[in-house]
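Undergrad: A single structure is presented below for examination.
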Amino acid sequence: MRVDVVSLFPEFVAQVAGHGVVGRAQERGLLSIHGWNPRDFATGNYRRVDERPFGGGPGMVMLIDPLRDCIQAAREADPAPATVIYLSPQGERLTQAKVRELAGRDRVILLCGRYEGVDERLVAAEVDEELSIGDYVLSGGELAAAVLIDAVARLQAGALNDSESAAQDSFEPADDAGSLLLDCPHFTRPVEHELGTVPAVLMSGNHADIARWRRQQALGRTWLRRPDLVDPSTLSKADRQLLDAFLAESASDPSST
């Protein structure tokens, strides 16, 4: 997968993307990231990329021409068709389902705004999609681009050392009905610690019991923390029993959650 990033600070995204899973995906040839600075396409002595907004008000707006030329250069750098995505608070909320869809594409161009944003005429002419990573405002789109790149990189086949890791993450479909559950709790050594003891079932060696416990914990956590993700009418009889048992235990021992 190829990702082109149009940003006034392309080195920021490159630095973030050079570590961990994203860095490994690049080393393995699963992902390539290319930065493009619209200032390189600006004209005049000062190479301006922004101007004050018409109608008054605070801040600056990014100019059309440097961005348009920069996007065009990014398009021409590879023959594969590219979707231009503008990271914007006005965009569609980024979800794991959207990440899976993006991860299956061959190429995307990420447009990172700054200041008060981008001239709307450029958005209308060049942008195919707008995406938001949440209901808050950042200083620029670079952090959002880094988040999106990390999310799609880990879904590239071979990026993770264990192929099951991504499938078991929060917000991944947890059954044939497409239920989206939060992840279950995880534990590692030591077994005994001043902060508590590892649940005995995880050391039992009984894979069926462990799977049942993890499913119950995922159901219970999702019910308590993100009830909007759980529709009781879609749960199987077995899942309803697991959830009922979890809630009954939680009511009798609040510390168990």
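The values are calculated or read from the model by the stated rules, or taken from the named source; none is laboratory data. Predicted, not measured: the structure shown is a model, and the values here were computed from it. Cβ sites come from the backbone with ideal geometry, for glycine too, and all protein chains shown count toward neighbours.
Undergrad: State whether one or more residues within segment 56-75 are free of Cβ contacts under 8 Å to residues at least 12 places away in the same chain and of a type outside the set (A, V, I, L, M, F, W, C).
TA: Yes, segment 56-75 contains a residue that is free of Cβ contacts under 8 Å to residues at least 12 places away in the same chain and of a type outside the set (A, V, I, L, M, F, W, C).
Undergrad: List every residue pair whose Cβ atoms lie under 7 Å apart, where the two residues are 6 or more positions apart in sequence or sit on different chains, the first residue falls within segment 108-119 and is farther than 16 Å from ARG48 by Cβ, and the second residue, located anywhere, is surrounded by fewer than 24 Cβ atoms within 10 Å (Cβ to Cβ) and among the aromatic types (Phe, Trp, Tyr).
TA: Pairs found: none.
Undergrad: Do you know which residues across segment 122-134 are closer than 22 Å to GLN156 by Cβ and crowded, with 18+ Cβ neighbours inside 10 Å?
TA: LEU131, ILE133
Residue by residue, here is whether (1) under 30 Å from PRO58 (Cα atoms); (2) part of a loop (DSSP other than H, G, I, E, B); (3) at pLDDT below 95 holds:
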residue	(1), (2), (3)
PRO89	yes, no, yes
VAL99	no, no, no
LEU110	yes, no, no
VAL123	yes, no, no
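Results for (1) assigned by TED's automatic domain parsing to the domain that holds ASP183; (2) over 15 Å from HIS186 (Cα atoms); (3) in contact (Cβ under 8 Å) with a residue 24 or more places away in the chain, shown as yes or no for each residue.
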position: GLY220; (1), (2), (3): yes, no, yes
position: THR234; (1), (2), (3): yes, yes, yes
position: ALA238; (1), (2), (3): yes, yes, no
position: ALA245; (1), (2), (3): yes, yes, yes
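Undergrad: Being touching a Ser or Thr at 6+ places or on another chain (Cβ under 9 Å), modelled with pLDDT under 95 and either within 17 Å of ALA144 (Cβ to Cβ) or aliphatic (A, V, I, L, M) (or both) narrows it down to one of VAL3, VAL13, so name that one.
TA: Working: VAL3 fails: modelled with pLDDT under 95.
Checking each option against the conditions leaves just VAL13.
Undergrad: Quick one: VAL84 ticks every box in (1) within 14 Å of the chain's Cα centre (by Cα); (2) under 29 Å from THR43 (Cα atoms); (3) of a type outside the set (D, E, K, R) bar one, so which box is it?
TA: Every condition holds for VAL84 apart from (1).
Undergrad: Counting only residues that are outside any helix (DSSP H, G or I) and crowded, with 17+ Cβ neighbours inside 10 Å, how many does segment 10-29 have?
TA: Applying the first criterion (outside any helix (DSSP H, G or I)) to segment 10-29 yields 17-19, 28-29.
Filter again for crowded, with 17+ Cβ neighbours inside 10 Å, leaving 17.
Within segment 10-29, residues that are outside any helix (DSSP H, G or I) and crowded, with 17+ Cβ neighbours inside 10 Å number 1.
Undergrad: Select from segment 205-241 the residues that are among the aliphatic types (A, V, I, L, M) and under 30 Å from the mean Cα position of the chain (by Cα) and write down the one among them that is nearest to LEU182 (Cα to Cα).
TA: By that ranking, first place goes to ALA218.
Undergrad: Given the conditions (1) in contact (Cβ under 8 Å) with a residue 12 or more places away in the chain; (2) within 21 Å of the chain's Cα centre (by Cα), which single one is not true for ASN37?
TA: (2)
Undergrad: Please enumerate the residues belonging to segment 31-52 that are surrounded by fewer than 17 Cβ atoms within 10 Å (Cβ to Cβ), at pLDDT 95 or above and either touching an Asp or Glu at 6+ places or on another chain (Cβ under 6 Å) or outside any helix (DSSP H, G or I) (or both).
TA: SER32, HIS34, ARG48, GLU51, ARG52
Undergrad: Out of all the residues in segment 109-121, which are surrounded by fewer than 23 Cβ atoms within 10 Å (Cβ to Cβ) and either closer than 21 Å to ARG2 by Cβ or more than 21 Å from the chain's Cα centre (by Cα) (or both)?
TA: Selection gives TYR115, GLU116, GLY117, ASP119, GLU120, ARG121.
Undergrad: Provide a single number: the residues in segment 1-53 that are touching a Pro at 6+ places or on another chain (Cβ under 9 Å) and hydroxyl-bearing (Ser, Thr, Tyr).
TA: Final tally of qualifying residues: 2.
Undergrad: Right, something else. Identify the single condition in (1) over 25 Å from the mean Cα position of the chain (by Cα); (2) assigned to a loop (DSSP other than H, G, I, E, B) that ASP65 does not satisfy, given that it satisfies every other one.
TA: (2) is the only condition that ASP65 fails.
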